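In what follows, a single structure is set out as structure tokens and then discussed.
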Amino acid sequence: MVELALPNAHALFVMILIIVALVLFTRENIPLQTTSLLVLVALAVGFTLFPYTSEGRTLQPSDFFLGFGHKALVAVSALMICGQGLIRTGALEPVGRLLARMWRKGPAISLLATILITAVLSAFINNTPIVVLMLPILVGVAVRTGASPSGTLIPMGFASILGGMATTIGTSTNLLVVNVAADMGMDAFSMFDFLGPAAIAAFFATLYLWLIAPRITPERTPPMGETVSRLYTAQIRLNEDSPVAGRRLATAILRTGDGLKVEGVQRGQGVHINPLPDVVLQPRDRITTSDTQDNLREYARLLGGTLFSGDHAVDAEHPLSAESEQIAEVVITPASRLIGVRIGNARLRRRYGLRLLAFNRFEGSQERKSPGLDEVRLRSGDVLLVQSTVENLRNLKETADFLVLDGSVQLPSTRKAPVALATMLGVVALAATGIMPIEISAVLGFLVLILTRCLNWKDAMSALSTQVILIIVASLAMGAALLKTGGADYIARLFVNVTFGAPPSVVLGGLMLMMGIMTNIVSNNAAAVIGTPIAIGIAQRLGMPLEPFVLAVLFGANLSFATPMAYQTNILLMNAGGYKFGDFVRVGVPLSIGLWLILTTVLVWAYGL
């Protein structure tokens, strides 16, 4: 074992920055975008103030922003938009219909079909739209049969990650690893170059997800049930002797313990007053509000008024009614424009026609009623229990902001669906046959979707995720800094020294295991981009072929099964199925260990290590 000298100051700074970034990536209270921007600024400012020169060349700080134009980011963004085209046009509706029919006939074989179809689709389409497609189908089956969806949602979600391993375009992680390795001089992988190892591992993983995972997953109930009281809209007409007559509206609200949410004040026939706190109330004014039946009656008593529904006072013959509305759970999707928006500013009622009844977040918090939630910032995976009309909920299914879990399997369908499907097939075919690189064929597909009006620009932009873009750019910047300052070579030499005397197969397995652990704690894209130059450095130190070590990073960074934070679709699954953190550990850890052993063995055998 050779004693290693410390790396140069710039490499040491980069390694410390990467460690800080990886720690910050795990913090729920710090947005991933913020950490990514912090990394970019720290690298650019640091290398501006303290230039780094090697072999007569000075590293330009502006080079850290080249990730915004990197072909991997272009491909990821264009593929996300193409996937949005499939969802918006209903091009995958036949798949949904087929699965819905199968589930009515035989649950066991249907689960296998769901796993296989999900895996195959995820090899070519971003995982998130596939999970968004499958979730309502499986929840609808559970609602109709009265069974818990616990045994089906995790296998389906894990199948989408499994399928994403199989091709270069299966996940953004794959695209990053392949392109970073190519930038470093390695021969680029074509689309199906590592399909063989992935297929062997997928065979055993599919059996596990089909036969074992449903049996070891505890039965969970959905996070929020139908026990939440419905909301009703009514008017409180102030009586002549009302204690708030002649007083400001703010006084009336204070009298109800700040519980009264005033939507409007009507004075006389057709005269509506802006409900400002300083408005002075008069007898026979009608205050419009929405709340539960019990609360509405209590407000009417406290304000000295009579409860009205329409033109009639509320009584036995004219009860409060919300028959035209139904209760449904909606999930904030990873592509939602509401991520980071306070609930109070989301204008759910005005923009979407939704009444918020309760809120649930996966981080161990219990169901909470809507009052007092105005300051809560929405995150991907948050579940909202809402009340709205059937028409509103149907329209909601066509937006990218929410995933509606109302127990139905109604899927959007348009005449543009065949065009969107043909476009996606063309994108894949052009890249698979080598006619065009994937970044070019994906952008061409994006243009076709716009010109054929399968997507408008608003839909296309909603498919892009600021979080994903910034994480990719920051990861590329960290990887470049690590490589150019000699940090990657130092870590590679350190890894070789630590494993001194071990067979190459052990070194390869250790590298994949390290990536697998990192991806379940921090961003998988960051782990992949940082790990790729290290893997190439290790292979070069050992005098081994580069491909198996790069694939060890690629496969390891895709072992995102052990925690709900490891992959954005895991959070969707956790909320929709009412899972706990330990459920992912129970099902995901054996799967990750099994895949690690199988993939290591296959790579060692295939490359003769």
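Each reported figure results from applying straightforward, stated rules to the coordinates on display, with no laboratory input. The model shown is predicted, which means the values in this text are computed figures rather than measured ones. Neighbour counts are summed over all protein chains in view; Cβ atoms, including those assigned to glycine, are modelled from backbone coordinates with ideal geometry.
Only four residue types carry charge here, +1 at the Cβ of Lys and Arg and -1 at the Cβ of Asp and Glu. Report the dipole size of the chain about the Cα centre in Debye, rounded to the nearest 20.
660 debye
Please state the Cα pair-distance histogram of segment 232-313 with 10 angstrom bins from zero: what percent is in each bin?
So the P(r) values, bin by bin, are 20, 62, 18.
Per residue Cα convex hull volume for segment 1-132, in cubic angstrom?
Value for segment 1-132: 216 Å³ per residue.
Using +1 at the Cβ of each Lys and Arg and -1 at the Cβ of each Asp and Glu in the chain, identify which of Ala539, Gly516, Pro564 lies farthest towards the dipole's positive end.
Of the candidates, Pro564 comes out farthest on the positive side.
Let me have the 222 nm mean residue ellipticity of the chain computed from DSSP H runs of 4+ only, each contributing -39500 (n - 2.57), with the sum over all residues rounded to the nearest 500.
-17500 deg cm²/dmol
Could you give the size of the charge dipole of segment 232-313 about its Cα centre, using +1 on the Cβ of each K and R and -1 on the Cβ of each D and E, expressed in debye and rounded to the nearest 20?
Roughly 140 debye, rounded to the nearest 20.
Please work out the Cα center distance from segment 514-570 to segment 256-280, rounded to the nearest Å.
Taking the Cα centre of each part, segment 514-570 and segment 256-280 sit 59 Å apart.
Give me Thr233, Thr34, Thr118, Thr168 ranked fewest to most by other Cβ atoms within 10 Å of their Cβ, as a rough exposure proxy.
Sorted ascending by nearby Cβ count, the order is Thr34, Thr233, Thr168, Thr118.
(i) 1.10; (ii) 1.05; (iii) 1.16: which one is Cα Rg over 2.2 N^0.38 Å as calculated from this entry?
So the structure-derived entry is (i).
If packing is taken as the mean number of other Cβ atoms within 10 Å per residue, what is the order of 563-572, 549-558, 49-58, highest first?
549-558, 563-572, 49-58
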